[in-house]
Structures are given as structure tokens and as C-alpha cells.
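S.K.: Handing you a structure now.
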Amino acid sequence: MSDIVAGLVTGPDREQLVRLGRALVEERLIACLNVVDRVTSIYRWEGEVCEEVEALGILKTTAARSDAVERRIRELHPYDVPEILFISVAAGSRPYVDWVSEQVSG
């Protein structure tokens, strides 16, 4: 249906992800970023199980822009190994899919 992808990125707090999202939207790398505050992340890091409160960002862009999005997130993100995942969107509202494509094509 489309070349739209949804992306997931976590960060230490809402403010960090809002700054990240604003930069990515201003640079036309993503159409939008939804920030979900206060998610609990449980993971293994350097041999220890960790539990942290973080924020989760859900971004929308095109598959063609995903490499550039990943590079820019790595430049701006405070983590050494930020979570950056892209999920292909199989179907969606045509007007929304078109809007996403238009926002990142500039």
C-alpha cells in the first residue's frame, strides 16, 4: 500500500524526545512524532538487568527516509545505543499516508 514506516525511539524523558521530534520534523525527516511519557523499560545492559522510566516516541516517515532518520537520531540522542526501530505499515488511511509522504518530500 505504501512506503510509510512507523518508528520507535525511547529516550530518558519527554523533553529530550520533544526536542528530537521537533528537529526531525523541522528537517523534514519525519512527518510527526508522538511522545508517550513515563513508560517502564526493562532491559539487560552491560551484564545487568535494568529497569528505567523513559519516554517513548512513535514517528512516521517513509522507508526512503529511514536511513537519514536513523543517522540524525544517532547524532542528537543522548544514549550510546538508542532504540531505533522501523516497522513497515501495510495499510493506512490514504489521506494520512499521502500527508506523511508530502511532509518528508521537501
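S.K.: Scan the strands (runs of 3 or more DSSP E) fully inside the stretch 24-106 and keep the ones with 3 or more residues being modelled with pLDDT of 95 or more and of a type in the set (S, T, N, Q).
M.R.: Those strands (runs of 3 or more DSSP E) span 32-45.
S.K.: Would you confirm whether or not the stretch 2-13 contains a residue that is of a type outside the set (K, R), outside any helix (DSSP H, G or I), open to solvent by 60 Å² or more (accessible area, probe 1.4 Å) and in contact with a helix residue (DSSP H, G or I) (Cβ under 6 Å, 6 or more places away or on another chain)?
M.R.: yes
The values are calculated or read from the model by the stated rules, or taken from the named source; none is laboratory data. What you see is a predicted model; the values in this text were computed from it and never measured. As a convention, Cβ positions derive from the backbone with ideal geometry for all residues, glycine included, and neighbour counts pool all protein chains shown. The accessibility values were calculated without ligands, DNA or RNA, using every heavy atom of the protein model including side chains. Shrake-Rupley method; radii C 1.70, N 1.55, O 1.52, S 1.80 Å.
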